[in-house]
Amino acid sequence: SENGFRYMLALRLFPLSNATVSSLLGGASRMRFRDFAAATAIGYLPLTAVCATLGSSAAKSSFWQLGVGLLLFGTVIALQWKWGAKSASK
């Protein structure tokens, strides 16, 4: 529960994590609700923006928006990788 925010944020940022399992882990760890809610809000925001941009580009058949969505996706993945590498080195 000491580092609950950090671990929950890492789970939420990982694109293949299961939301139900990570929520159950958060509850079982007795982390503070404030940390859980903040990590969830921050962690889901990047991929939500990517999915909304890519979905909108498909609905509108907009190639420039598809490019922006793919660029945004690449940026999110690169930042997550860099953050994960930085966290692992500590």
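The values are calculated or read from the model by the stated rules, or taken from the named source; none is laboratory data. Computed from a prediction, not measured in an experiment: that's the story for all the values here. Using ideal geometry, Cβ is built from the backbone for each residue, glycine included, and neighbour counts are taken over all protein chains shown. Each accessible area value is taken on the protein alone, full model and side chains, heavy atoms only, with ligands, DNA and RNA left out. Shrake-Rupley method; radii C 1.70, N 1.55, O 1.52, S 1.80 Å.
Key figures for this structure:
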item: Test: residue in segment 77-90 that is open to solvent by 90 Å² or more (accessible area, probe 1.4 Å), part of a loop (DSSP other than H, G, I, E, B) and of a type outside the set (Ser, Thr, Tyr); result: yes
item: From 24, 66, 72, residue being at pLDDT 85 or above, under 27 Å from residue 3 (Cα atoms) and hydrophobic (A, V, I, L, M, F, W, C); result: 24
item: Test: residue in segment 4-19 that is more than 24 Å from residue 81 (Cβ to Cβ) and open to solvent by 40 Å² or more (accessible area, probe 1.4 Å); result: no
item: Sole exception among (1) open to solvent by less than 70 Å² (accessible area, probe 1.4 Å); (2) in a helix (DSSP H, G or I); (3) of a type in the set (Gly, Ala, Ser) for residue 58, by number; result: (1)
item: Breaking point among (1) at pLDDT below 85; (2) within 19 Å of residue 73 (Cβ to Cβ), for residue 49; result: (1)
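Condition check ((1) out of contact with any strand residue (DSSP E or B) (no Cβ under 9 Å at 6 or more places or on another chain); (2) hydrophobic (A, V, I, L, M, F, W, C); (3) open to solvent by 90 Å² or more (accessible area, probe 1.4 Å)) across all residues:
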position	(1), (2), (3)
25	yes, yes, yes
32	yes, no, yes
46	yes, no, no
54	yes, yes, no
62	yes, no, no
